[in-house]
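The values are calculated or read from the model by the stated rules, or taken from the named source; none is laboratory data. Just so it is clear, the model here is predicted, and its values are computed rather than measured. Here the Cβ positions follow ideal geometry from the backbone for every residue, glycine too, while neighbour counts run over all protein chains shown. The area values use the complete protein model at the heavy-atom level, side chains included, leaving out ligands, DNA and RNA. Shrake-Rupley method; radii C 1.70, N 1.55, O 1.52, S 1.80 Å.
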Amino acid sequence: LARINVHLTIRKLQQQLQQQNILLEEQNERFRGLVEGTFEGIVIHDKGIIVDANQKMLTLFGYQRSEIIGKNGLDFIAPEFREGVISYVKAGDMNPHEAKGIRKNGEDFPIEILAKAMPYQGRDVMVTAVREITWRKKTEEMLQQAHRELAAKAAELEEMSLTDPLTGMRNRRY
C-alpha cells in the first residue's frame with residue numbers, strides 16, 4: 001500500500017511538472033511572438049554581451065543571428081557615441097537616447113535606444129529596443145531649414161517696410 005501511495009504521488013508530481021512545462025513553453029512562444037512582431041530591433045545583453053536579438057534587429061544592422069550572439073553590443077554603436085551609451089545604460093534612464101548605429105556594411109545611421117533591466121533565463125540582463133530614426137532626423141533638418149528661410153524672409157520684409165523702394169531712403173516711423 002505504501003508503494004502504491006508513493007507511485008501515485010510521483011505520478012501526480014510528474015503530471016504537475018508536465019503542466020508547468022506546457023505553460024512555460026506557451027509563455028515562451030507568446031514572448032517570442034511579441035518580440036518578433038515589434039517594429040523595433042530588440043537585443044538582450046548581459047553586461048554588454050549579446051545573448052539574443054529579434055529579427056528586426058538583425059535586419060536593421062544587416063547581420064545573421066549567429067554573427068551577433070556573443071558580441072559586445074557596443075560594436076554596433078559608432079565609436080563617438082559609445083561613452084554616451086554606456087553612461088545612459090548605467091544611469092538606468094528610462095527616456096530614449098539617441099546615438100548612431102553601424103551596419104555590417106559600415107554605414108552609420110541614426111538610432112534611438114531605450115534600455116531597461118529584466119530577468120531572463122534566471123539572470124538579470126538588459127533588454128534594449130533600437131529604432132532607426134533616419135526619417136525623423138531628415139524631417140527635423142527640413143523643418144529647421146524652413147524655419148531659417150522663414151526668418152530670413154521675415155527680416156527681408158521688415159527691411160522692405162522700413163525703406164522706400166524708389167529712393168532707398170528710410171521711411172519715417174510714426
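Scoring 61-72, 10-21 by mean Cβ neighbours within 10 Å over their residues and listing the highest first yields 61-72, 10-21. Among ALA151, ALA117, ALA53, the residue with the largest mean-square fluctuation in a Gaussian network model of the chain, with springs joining Cα atoms closer than 10 Å, is ALA151. Relative to the longest principal axis of the Cα atoms of the chain, helix 2-36 runs at roughly 20 degrees. When the scattering of the chain is computed by the Debye formula from its Cα atoms alone, each counted once and equally, what is log10 I(q)/I(0) at q = 0.19 Å⁻¹? Debye intensities relative to I(0), on a log10 scale: -1.24.
To the nearest 10, the accessible area of PHE81 is 60 Å² with a 1.4 Å probe. Short-range pairs are left out: with C-alpha atoms under 8 Å and at least six residues apart, the relative contact order of region 26-85 is 26 percent. Computed over protein heavy atoms with a 1.4 Å probe, the accessible surface of the chain works out to 74 Å² per residue. Based on the convex hull around the alpha carbon atoms, region 55-130 presents an average projected area of 5.2 nm². On the principal axes of its alpha-carbon atoms, region 60-104 has extents of 30, 18, 15 Å, going from largest to smallest. Here region 66-110 is treated with +1 on each Lys and Arg Cβ and -1 on each Asp and Glu Cβ, and its dipole about the Cα centre works out to around 120 debye.
Charge dipole (Cα centre; +1 on Lys/Arg Cβ, -1 on Asp/Glu Cβ; no other charges) of region 9-151 amounts to roughly 440 debye.
Taking THR167, THR134 and ordering them by how much accessible surface each has at a 1.4 Å probe, largest first, produces THR167, THR134. Per-atom-type breakdown for the chain gives carbon and sulfur 58% of the accessible area (1.4 Å probe, protein chains only).
Counting only heavy atoms of the protein chains and using a 1.4 Å probe, HIS7 has close to 120 Å² of accessible surface. From its DSSP helices (H runs of at least four residues, each -39,500 (n - 2.57)), the chain gives a residue-normalised ellipticity at 222 nm of -16500 deg cm²/dmol. Compute the helix-to-body angle for 82-91: its Cα long axis versus the longest principal axis of the chain, expressed 0 to 90° and rounded to tens. Between the helix axis and the principal axis of the chain, the angle is about 60 degrees.
Think of the chain as having a plus end and a minus end, set by charges on the Cβ of Lys, Arg, Asp and Glu; of GLY168, THR9, TRP135, THR9 sits farthest toward the positive end of this dipole.
Against the chain, whose longest principal axis is taken from its Cα atoms, helix 134-162 shows a tilt of about 20°.
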